[in-house]
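Visitor: Sending over a structure as structure tokens; questions will come in a sec.
The values are calculated or read from the model by the stated rules, or taken from the named source; none is laboratory data. The structure presented is a predicted model; accordingly, all values stated were derived computationally and were not measured. Here Cβ is always computed from backbone atoms with ideal geometry, including for glycine, and neighbour counts include all displayed protein chains. Just the protein is used for accessible areas: all its heavy atoms, side chains included, with ligands, DNA and RNA removed. Shrake-Rupley method; radii C 1.70, N 1.55, O 1.52, S 1.80 Å.
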Amino acid sequence: AKNKDKKAALEAKRRASQLQRTPKWLTEDDLWIIEEAYALAQLRTEMFGFPWHVDHIIPLQGKKVSGLHVPWNLQLLTKEQNRNKRNHHE
């Protein structure tokens, strides 16, 4: 609550990164699957009562490797699992 400006700046940076890492060659079906992943995370959050996140298996801004914003690079994790993973890829 104290750092709303910092959080907004980080979210904007993340959205820009997703746009830059989303290939132009994705099909309408691919884009639909991505949207469905976010919808499913929201549904799980509502159903289970704790936050779910859409995580990039290979981070978009990794230090050694950077992934793409594509359906096969997404997974659903709980908020806790996602925070424990941080921005790492094994």
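Visitor: What number comes out for accessible area per residue over the chain if the probe is 1.4 Å? Units Å², please.
Guide: Accessible surface, normalised per residue, equals 79 Å².
Visitor: When only DSSP loop residues count, what trypsin sites (Lys or Arg not before Pro) in the chain have their Cβ near at most 13 other Cβ atoms within 10 Å?
Guide: Passing sites in the chain are Lys2, Lys24, Lys63, Lys64, Arg86.
Visitor: Where the accessible area of the chain is counted over protein heavy atoms with a 1.4 Å probe, how much of it, in %, is carbon and sulfur?
Guide: Solvent-exposed carbon and sulfur of the chain make up 55 percent of the total.
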